[in-house]
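Read the figures in this text as sums done on the coordinates, not as results from a lab. Just so it is clear, the model here is predicted, and its values are computed rather than measured. Cβ placement follows ideal geometry from the backbone for every residue including glycine, while neighbour counts extend to all protein chains displayed.
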Amino acid sequence: MSEPAPSTIWSTVAERGSIGALRFLAWFHNTLGQRASWILIYGAAVYFYLRTGVARAASRQYLEALAASPEGRAALGGPPTRLSVFRHILEFSINIFDRVVVWGGGIDAYRFTHDESGKLFSAARTGRGGILLSAHLGSFDMLRVLSDEYGLVVNVLMYTDNAERINRFFEKLDPRSTVRVIPLDPSSMRTTFTIRSCIERGEFVAVLADRLSPGARERVAQTTFLGRPTAFPLSPFLLGGVLGCPVFVALCVREGRSHYRTLLRSIGDRSGVPRAEREKYGQDLLERYVAILQEHCIRTPYQWFNFYPFWPKA
C-alpha cells in the first residue's frame, strides 16, 4: 500500500471515520503516555514495512537519490539500508499517529515553534491574503495549528469531490477551526475565481505542490530535484502571478517527540505580473520552492512522505 494522499485520508475519515475513535486515540496518548503510544506506532510501522513492497521500493528510491549527494549521505549517515527504509516508514507512522491525536483534541500534548513567520503575519495584519505552497514533507495538517493560533483563515486546495463533507467533519471535530477545504480542478476557471475571492478577503490558500495528481489535467514543469530530472505541477506556481499576491513556502516538520516547527519562507510578492511574464515567474517560483524542499529533505531526510515511484525508471 502506498501512502494515501491527504485528500484520500481526509475523505475516508470524513465518510467512515468516527470522531469518538479519534478522541479515544487522543485519550490513549494523553492518559497512558508516550511509551504506551510507541507500542501502537511501532506496530503500525512493522505492519506497513512487511506488507507494502511498493512503499519499501519507493522509500529506497528516494533515500538513494538523497544519498547521491555528499550532504544527503551525511544526513543519512551512509548509504541507505533496510533499516533506513524501516526508519522512514516509522517516521510516517509517527506522523499519522500525531495527526490523529491532534484531530482528536490532543493538541495540548504538542509543542510548536515558528521559524521566519513574520512576513506572513505582516501580510495578514494588513488584510492581504496569499498562497501557501506546502509539500508531503513533515505534517501538512499541523499547519492547522498555525491558523488557529494566529487567527489566519486557511483554505486547503484538494483534488476531491468531498469538500463539503470534509468541511462538516472538521466543524464537528473542532468548531473553532479556520481551515476550509475547497476542491481543486486545474482545468476549471471556477477554481481560480474561488481562490481569487479567498485572497481578496485576506485569507490564505494552501496547496501541496510536490506531487502530480494521477489523471488530473494540469500543466507540468521539469526541473532537477535531488540531482534527478523531476516533473512538478506548474499550476500552483502560476497562481502568484495571476493573482498578484504574496507566495510562501509553508512546512511543518517534527523536531523531536511531540515537538514540531513550522517553517515559512517568502518566495514571491509581485502584483500586476504581465500575462507574457507569468509562466517565467511561475517557473522562478518553482525553482525557489524546489531549492527549499531539497534543503529540508536533507535536514529531515526521513520526513518526505511520497511513498510511490516518484521518479520513472530509466
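Observations on the model:
- Other residues within the sphere of radius under 14 Å centred on the Cβ of TYR42, judged by their own Cβ, net out at +2 (K and R +1, D and E -1).
- Under 5 Å between amide hydrogens, built in the peptide plane, is the criterion, and for ILE267 it picks out VAL247, PHE248, VAL249 among residues at least 5 positions away or on other chains.
- Within-13-Å neighbourhood charge of SER84 [Cβ basis; K, R +1; D, E -1]: +3
- In order along the stretch 289-298, phi translates into HN-Hα couplings of 4, 5, 4, 5, 4, 5, 4, 7, 5, 6 Hz, rounded to whole numbers, per the Karplus curve 6.51 cos²θ - 1.76 cosθ + 1.60 with θ = phi - 60° and x for Gly and Pro.
- For VAL153, the residues whose modelled amide H falls within less than 5 Å of its own, excluding neighbours fewer than 5 places apart on the same chain, are PHE204.
- In order along the stretch 219-229, phi translates into HN-Hα couplings of 6, 10, 10, 9, 8, 10, 10, 6, x, 10, x Hz, rounded to whole numbers, per the Karplus curve 6.51 cos²θ - 1.76 cosθ + 1.60 with θ = phi - 60° and x for Gly and Pro.
- Neighbour-count ranking [beta-carbon atoms within 10 angstrom, fewest first] of VAL85, VAL242: VAL242, VAL85
- Net charge of Cβ neighbours under 12 Å - reference ARG201; Lys, Arg +1; Asp, Glu -1: +1
- Taking HIS296, HIS88, HIS259 and counting other C-beta atoms within 10 Å, the order from fewest to most: HIS259, HIS296, HIS88
- Ordering GLU91, GLU116, GLU71 by the number of other Cβ atoms within 10 Å of each residue's own Cβ, fewest first, gives GLU116, GLU71, GLU91.
- Amide H to amide H distances under 5 Å link GLU255 with TYR260, ARG261, where only residues 5 or more positions off or on other chains count and H is placed in the peptide plane.
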